[in-house]
1. Any chance you could count how many residues in segment 156-197 are modelled with pLDDT under 85 and either of a type in the set (Ser, Thr, Tyr) or under 18 Å from Gly121 (Cβ atoms) (or both)?
2. With the checklist (1) open to solvent by 10 Å² or more (accessible area, probe 1.4 Å); (2) farther than 25 Å from Ile151 by Cα in hand, flag the one item Pro299 doesn't pass.
3. Give just the number: which of (1) open to solvent by less than 60 Å² (accessible area, probe 1.4 Å); (2) at pLDDT 90 or above; (3) more than 19 Å from Arg552 (Cβ to Cβ); (4) not polar (S, T, N, Q) does Pro53 not satisfy?
4. Tyr448 fails exactly one of the following numbered conditions: (1) crowded, with 17+ Cβ neighbours inside 10 Å; (2) in a helix (DSSP H, G or I). What is the number of that condition?
5. Can you name the condition, by its number, that Ile380 falls short on among (1) in contact with a helix residue (DSSP H, G or I) (Cβ under 8 Å, 6 or more places away or on another chain); (2) closer than 26 Å to Leu131 by Cα; (3) open to solvent by 20 Å² or more (accessible area, probe 1.4 Å)?
6. Take the residues in segment 17-50 that are at pLDDT 85 or above and hydroxyl-bearing (Ser, Thr, Tyr), then tell me which one is surrounded by the fewest Cβ atoms within 10 Å (Cβ to Cβ).
7. Sort out which residues of segment 207-266 are under 19 Å from Ser127 (Cβ atoms), of a type in the set (D, E, K, R) and open to solvent by 70 Å² or more (accessible area, probe 1.4 Å), and write them in order of number.
8. So in segment 332-350, with the set limited to residues that are among the hydrophobic types (A, V, I, L, M, F, W, C) and in contact with a helix residue (DSSP H, G or I) (Cβ under 9 Å, 6 or more places away or on another chain), which one is surrounded by the fewest Cβ atoms within 10 Å (Cβ to Cβ)?
Amino acid sequence: MAVADYLVTDDLTIVLALVSAGLFLLHNLYKPQALVHPILLGRQSDVARVRNPSESAVYRNYGTGMLGRFPLRPTKDQQLVTDLLRPDADAPRTLWSTKITNPQLRERIANFGAGLARGAGLVPQESNVLLLLNDSIEFVISDLALASHSIPSFTLSDLSILNHVLEAHPPSLIITEAHFVRHLLEIIYDSNESEHHSIIVVGDLSNAKLPRIDNIKLLKWEDVEVQGASVEKPALPSPDPNDVYTVAFHRSSSGICEGVQFTHQHLTAGVAATRALLPPSSAMSPLDTILSTHSLSTPYGRAIAYTALYEGTGFTTVESTKLVKSDDAPVPSGLKDLRTSAAHQTSSPTLLFIRPDHITSLSDTILQNARASSWLLYNIAWRHKLAGILEGYMTKQSLWDRLVFDGARVKVMGKGAGTVRTVVVSGGLLDAQALTPARVALSVPVIYAHVHPLVAGPVLASHALDLQTFPPTSPASPAGSAADAYAFTYLAPVGPPSVNVEAKLTGVDDNAVEGGADPVGALYVRGPTVGRPLSVDVAEEEATPDELRGWRFTSERAIVAPNGTFKVSAPSATKA
């Protein structure tokens, strides 16, 4: 029998064939296209061609390249931290609850600096000031006023290391909150350092019952600013970008109090790196408002705040960033912590710099509300949103957002449901399985960044539009411990090095790496955002070869995937 005898057709067969062809074409035409070409995500780090024994190759951000120059500042005009307040930007913006322009902020900084020079007797490059302040405009004014007078500031990541700093590095002056003065005076008395301290107080002291301690001079913050406004302000010598601008103290993974020196160049490079977290197509602008859950007393938190100053954006923080807390005040976390930003009179945030507990709490609550509205619609919407993410596509304007997720977001986020456009998660470990629900719930780019007390800015950061998901895999290297295998299996990739950071691993298994396995080892970083620990001897480091100089151990272990993205585990006390 001929083949033609089997191809008997009728009108119904032809109609069904045309309908099938039409559906196939529609599926391909309307299939969402990836927001970024997969080739760009297949090689996110530029890798050195050679490596030393028991070390990985050196990794750089692919956008910088091995031969590229690191961005040391946002533009050539920002040589110093004080230059981040651009004089040509005079539009008002809100910092916490204060609406202010750059010229007004510059004037207040000059007034407070003049008041310090006259009333506190500080000596440039010899005196130092301890900032025991909560995140506020007073912190910014104090910090920049000290920087303009070449007086380094001290900051603490938490108050548990205060006694050690007062004893080992007694400051010339302390600026603190009014409700903390009584406790501070008791600490000073116990440390027998009362002859070294003057204290400037932010807030009202009228109801405070203070013990009397001789040789302690108390000044009101407002009085210092008013006094500075009434005196003539001579031209100040410009600091060198390599002068130490601040020393940030933190408790290391081994429990020891460590201080890290940061110069003006470290902070301006940190601002350049923070700006680079967002792609050029959605860069920061004066129309944005930043909500940060990272304290200004940390290098990364200050880099975020000063990025807001440079960009002219609004800026606010949450309750958990407070360094000086009331004794009976509980520390909020997650969604409750995010809602505490409503106490400040800022616009609804557009950029969130938050911690892993915030993103998981936020996304879980949104999804719970969406599921409660309609179980059937939620499951259909979830499948469609998930299918788009697997294709590298994400939108906030789909039919499923309007039907299911928009209402849930409004219930949880209020006005922020319509304004938030990017979320940067950092300050802790994030499970890989938490990223996709967060992207479905928020439908905006979620960037996962790694930060460290040694670095004024992000160390590693994922691409804003990298929506890839990978099955759990453990390190193939036999040298990897069971703890490594467990940790790296479930951790989310934290991306390649930042635009001005070099990274490498030490203690890797050479045979495994030569055999094609992913390198696993202790993480070391170097670059213009990486500060100098006080424990590092300057002369000794200058005598080391150039290729070894400047590398800092982060006390963490990491693994590098073939596409150049890292996974970083929790800090350990042992050094590789």
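1. Going through segment 156-197 one residue at a time, the tally reaches 7.
2. All conditions are met except number (2).
3. Only one criterion in (1) open to solvent by less than 60 Å² (accessible area, probe 1.4 Å); (2) at pLDDT 90 or above; (3) more than 19 Å from Arg552 (Cβ to Cβ); (4) not polar (S, T, N, Q) is unmet by Pro53, namely (1).
4. Going through the list (1) crowded, with 17+ Cβ neighbours inside 10 Å; (2) in a helix (DSSP H, G or I), Tyr448 breaks only (2).
5. So the condition that Ile380 fails would be (2).
6. The extreme case among them is Ser20.
7. Lys217, Lys233, Asp240
8. If we filter segment 332-350 for residues that are among the hydrophobic types (A, V, I, L, M, F, W, C), which is where we start, we get 335, 338, 342-343.
So of that shortlist, the ones also in contact with a helix residue (DSSP H, G or I) (Cβ under 9 Å, 6 or more places away or on another chain) come out as 335, 338, 343.
On the way: Leu335: 18, Leu338: 25, Ala343: 12.
Among residues in segment 332-350 that are among the hydrophobic types (A, V, I, L, M, F, W, C) and in contact with a helix residue (DSSP H, G or I) (Cβ under 9 Å, 6 or more places away or on another chain), the one surrounded by the fewest Cβ atoms within 10 Å (Cβ to Cβ) is Ala343.
The values are calculated or read from the model by the stated rules, or taken from the named source; none is laboratory data. Just so you know, these numbers come straight off a predicted model, no measurement behind them. Glycine gets a Cβ as well: all are built from the backbone with ideal geometry, and neighbour counts include every protein chain shown. Surface areas here come from the heavy atoms of the whole protein model, side chains and all, with no ligands, DNA or RNA. Shrake-Rupley method; radii C 1.70, N 1.55, O 1.52, S 1.80 Å.
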